[in-house]
Amino acid sequence: MLTHTPYDGSSRPFTVGLKPIEDREWLEPDARLEAHLLEKQRLLSGAHGRVFQAEPDTDEAQEEILNLVVQHLKSVHGELYSFNETGAIVGDLTIPLSGRPALETAARLIQEDLVLMRSSPDVYRLAAACLCFPSSWSLREKFSQSMHAIHENVPGFNDGRMGAVVERLFENLKVGQLVCRYNWSIYDDADLHHPEPKQLAPQISNGDASALASLFMRVERQTLRRLARSGDILFTIKIHHDPLAELERHPERGRLARSLSDQLAALNTDQLVYKGLTRHREILCQELQALAQ
């Protein structure tokens with residue numbers, strides 16, 4: 001099921017594309033909630049230092065985030081979550097609300113990853129994060145770095161308008177103002193945890209089988225909000241990772257396939273390299289155009 005389709009023309013790659021959302025739209029649990037929470041538990045148990053990092057003076061902000069998440073789940077998603085004195089109950093899972101860093105506890109409750117951005121002189125830096133489902137970046141490598149350093153490999157971020165727009169947004173974002181954006185990538189496996197740079201497998205272009213049948217569309221739903229007490233900015237990332245073959249069953253498959261093909265065709269060389277599509281754009285566009293007929 002393709003929940004979000006930002007490649008339909010509603011968003012353009014390598015642009016900020018922020019849109020306001022209501023508080024009730026902030027978090028987005030779906031049918032994969034328990035499966036994603038179990039995967040987070042596995043990663044946090046086996047690779048904690050790779051998926052959780054926090055500066056020592058972020059404890060109060062972490063508690064603020066945990067309280068914000070719990071209150072939101074109680075008020076908006078009470079049909080999925082119940083709470084008692086010690087923990088949260090989600091289906092067959094019981095998640096303790098104490099005993100761990102508060103940001104980690106908050107992230108264990110929801111499908112979204114959580115990133116805390118804190119103001120330094122002239123820049124915002126990544127001060128804490130629980131990042132179980134990265135899209136080709138390493139929390140260990142980016143921890144405590146500035147927004148500009150984090151995005152140094154993103155085409156057009158630091159040498160174009162995008163970085164300046166994000167910087168103004170961070171400075172001007174008000175408490176109670178929620179904004180959302182989408183980003184998409186194409187992967188050749190169903191893994192949620194992707195800290196390494198991506199490059200689609202060479203055999204995808206061998207012409208013997210449909211490329212679409214072996215690929216996955218990965219959509220990131222990102223939200224930003226300023227925390228009322230700390231003044232820090234909380235960045236959430238929800239991953240929707242679906243077989244690209246779902247396009248064939250979508251009621252608007254022609255329009256979506258045509259728009260995705262157009263967006264792929266419009267990527268420049270640096271953007272293709274960043275998305276790991278250098279060798280495969282032509283065959284993907286061909287298959288999408290055929291699907292659009």
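We did not get these values from a lab; they are worked out from the coordinates using the rules stated. No experiment lies behind these values; they were computed from the predicted model shown. Neighbour counts are summed over all protein chains in view; Cβ atoms, including those assigned to glycine, are modelled from backbone coordinates with ideal geometry.
Just a few scattered comments:
- Rounded to the nearest 20 debye, dipole of the chain from Cβ charges on Lys, Arg, Asp, Glu: 440 debye
- Considering the range 138-293 at the alpha-carbon level, its Rg and Dmax are found to be 17.7, 57 Å.
- Potential extension, residue 55-residue 93 segment - 0.36 nm per residue separation minus Cα distance: 10.8 nm
- GluC sites (Glu not before Pro), loop per DSSP, at most 10 other Cβ atoms within 10 Å - longest free stretch of the chain: 86-293
- Residue-span extension gain [residue 168 to residue 190] - 0.36 nm each, minus C-alpha spacing: 4.4 nm
- Between the listed residues 222, 13, 56, the Cα displaced farthest toward the positive end of the dipole of the chain, a dipole computed from Cβ unit charges relative to the Cα centre, is found at 13.
- Net length gained if the chain between residue 229 and residue 250 were fully extended (0.36 nm per residue, minus Cα distance): 3.2 nm
- Counting only DSSP beta bridges with both residues in the chain, the antiparallel share comes to about 95 percent.
- Here each label is just a point 7 Å from Cα along the line to Cβ, and for residue 45 and residue 268 those points are 4.7 nm apart.
- Average Cα contact separation per residue, the chain, under 8 Å, 6 or more apart, as relative contact order %: 22 percent
- Calculated FRET efficiency for the pair residue 148/residue 283, C-beta based, R₀ 41 Å, to 0.05: 0.70
- Computed over the chain with a Gaussian network model linking Cα atoms closer than 10 Å, the most mobile of 31, 149, 257 is 31.
- For the chain, diffusion coefficient by Stokes-Einstein and Kirkwood Rh (Cα), 25 °C, 0.890 mPa s, µm²/s: 122 µm²/s
- In the range 55-214, one over the average inverse separation of all distinct C-alpha pairs is 18.5 Å, which is the Kirkwood hydrodynamic radius.
- FRET efficiency estimate (nearest 0.05) - Cβ-Cβ, residue 137 to residue 85, R0 51 angstrom: 0.85
- Alpha-carbon gyration tensor eigenvalues x 5, square-rooted, for the range 1-130, Å: 24, 22, 15
- Part-to-part distance (alpha-carbon centres) for the range 233-268 and the range 1-44, which is given in Å: 13 Å
- Debye log10 I(q)/I(0) for the range 94-179, one point scatterer per Cα, at q = 0.17, 0.18, 0.23 Å⁻¹: -0.84, -0.93, -1.27
- Across 19/142; 142/174; 238/275, pairs whose alpha-carbon gap is larger than 22 Å: 19/142; 142/174
- Pairwise label distance in nanometres, residue 35 with residue 12, each label 7 Å out on the Cα-Cβ vector: 3.5 nm
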